[in-house]
Amino acid sequence: MYTLTVTDLANRSGATPHAVRYYTRMGLLRPKRNPDNGYRLYQYREVGWLRFIRQAKRLGYTLNEIREIMHDSDQGKSPCPRVREILNQRIDENRRQLEELMALQTRMEQALDQWENMPDGIPDGNSVCHLIESFAGNENESPGNKH
């Protein structure tokens, strides 16, 4: 029943041998060892597991989340509620990050516009870079949010 080597499994699933070994170390794939040569041997069903892992990663699931989903499936429990919950949380997180990135992009563009006709400055001991120090962008951020 265990007849696929690392390379065979990689070729059949579209993954790399390195990915197969990594997912094995993470416990997502469970090969047996060939007693004659020590090679890892995988079941054919692990082609499907590996394809599932790759698809879940494409959707943004972490390896720990994928492990939990696979565990639920192994136990005969539907992982679908957990799958939806995780993706809903991830979508909310992504929206917040996108908003933060858009605000950063706007500040950067405002800074370049403001600096377009300003001369280069020479540090005088009281200033590092007068362009950054003179920036008068949106100051609505709380002090804890400035980096």
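The values are calculated or read from the model by the stated rules, or taken from the named source; none is laboratory data. The shown structure was predicted, so the numbers you read here are calculated from the model rather than taken from an experiment. Positions of Cβ are backbone-derived with ideal geometry, glycine not excepted, and every protein chain shown enters the neighbour counts.
Taking the conditions exactly as written (over 26 Å from the mean Cα position of the chain (by Cα) and assigned by TED's automatic domain parsing to the domain that holds ALA10), does GLN43 satisfy them or not? Explain how you work it out, then say what you get.
Values: over 26 Å from the mean Cα position of the chain (by Cα): yes; assigned by TED's automatic domain parsing to the domain that holds ALA10: yes.
The answer is yes for GLN43.
Just to be sure I understand the filter: pairs with C-beta atoms under 8 Å, separated by 6 or more residues or on different chains, first member in region 69-97 and assigned by TED's automatic domain parsing to the domain that holds ARG54, second member outside any helix (DSSP H, G or I) and loosely packed, with under 14 Cβ neighbours inside 10 Å. Which pairs pass?
ASP72/SER78
Quick one: in region 131-141, which of the residues that are of a type in the set (A, V, I, L, M) and in a helix (DSSP H, G or I) is farthest from the chain's Cα centre (by Cα)?
Step one: filter region 131-141 for residues of a type in the set (A, V, I, L, M), giving 131-132, 136.
Imposing the further condition that a residue be in a helix (DSSP H, G or I) reduces the set to 131-132.
Working: LEU131: 35, ILE132: 32 Å.
Only one residue tops the list, namely LEU131.
Kindly establish whether LEU101 is touching a residue at least 24 places away in the same chain (Cβ under 8 Å) and assigned by TED's automatic domain parsing to the domain that holds LEU131. Working first, answer last.
On the way: touching a residue at least 24 places away in the same chain (Cβ under 8 Å): no; assigned by TED's automatic domain parsing to the domain that holds LEU131: yes.
Against the criterion (touching a residue at least 24 places away in the same chain (Cβ under 8 Å) and assigned by TED's automatic domain parsing to the domain that holds LEU131), LEU101 does not qualify.
Going residue by residue through region 56-66, is there one that turns out to be among the acidic types (Asp, Glu) and within 22 Å of GLN89 (Cβ to Cβ)?
Applying the first criterion (among the acidic types (Asp, Glu)) to region 56-66 yields 65.
From what is left, the residues that are within 22 Å of GLN89 (Cβ to Cβ) are 65.
Taking every residue of region 56-66 in turn, at least one turns out to be among the acidic types (Asp, Glu) and within 22 Å of GLN89 (Cβ to Cβ).
Determine the pairs where a residue that is over 20 Å from PRO81 (Cα atoms), located within region 45-68, has a partner that is of a type outside the set (A, V, I, L, M, F, W, C) and buried (at least 16 other Cβ atoms within 10 Å of the Cβ) with Cβ atoms under 6 Å apart, the partner being 6 or more residues away or on another chain.
Pairs that qualify, where the first residue is over 20 Å from PRO81 (Cα atoms) and the partner is of a type outside the set (A, V, I, L, M, F, W, C) and buried (at least 16 other Cβ atoms within 10 Å of the Cβ), are VAL47/ARG12; VAL47/SER13; LEU50/SER13; ARG51/SER13.
Exactly one of (1) exposed (fewer than 10 other Cβ atoms within 10 Å of the Cβ); (2) at pLDDT 90 or above; (3) in the same structural domain as PRO17 (by TED's automatic domain parsing) is unmet by GLY38. Its number?
(2)
Select from region 63-104 the residues that are under 18 Å from the mean Cα position of the chain (by Cα), within 21 Å of TYR22 (Cα to Cα) and not charged (D, E, K, R) and list them in ascending order.
The answer is LEU63, ASN64, ILE66, ILE69.
Residues to consider are LEU28, LEU9; find the one that is in contact with a strand residue (DSSP E or B) (Cβ under 6 Å, 6 or more places away or on another chain) and outside the structural domain of ASN94 (by TED's automatic domain parsing). Spell out the reasoning first.
Details: LEU28 fails: in contact with a strand residue (DSSP E or B) (Cβ under 6 Å, 6 or more places away or on another chain).
Unique residue meeting the criteria: LEU9.
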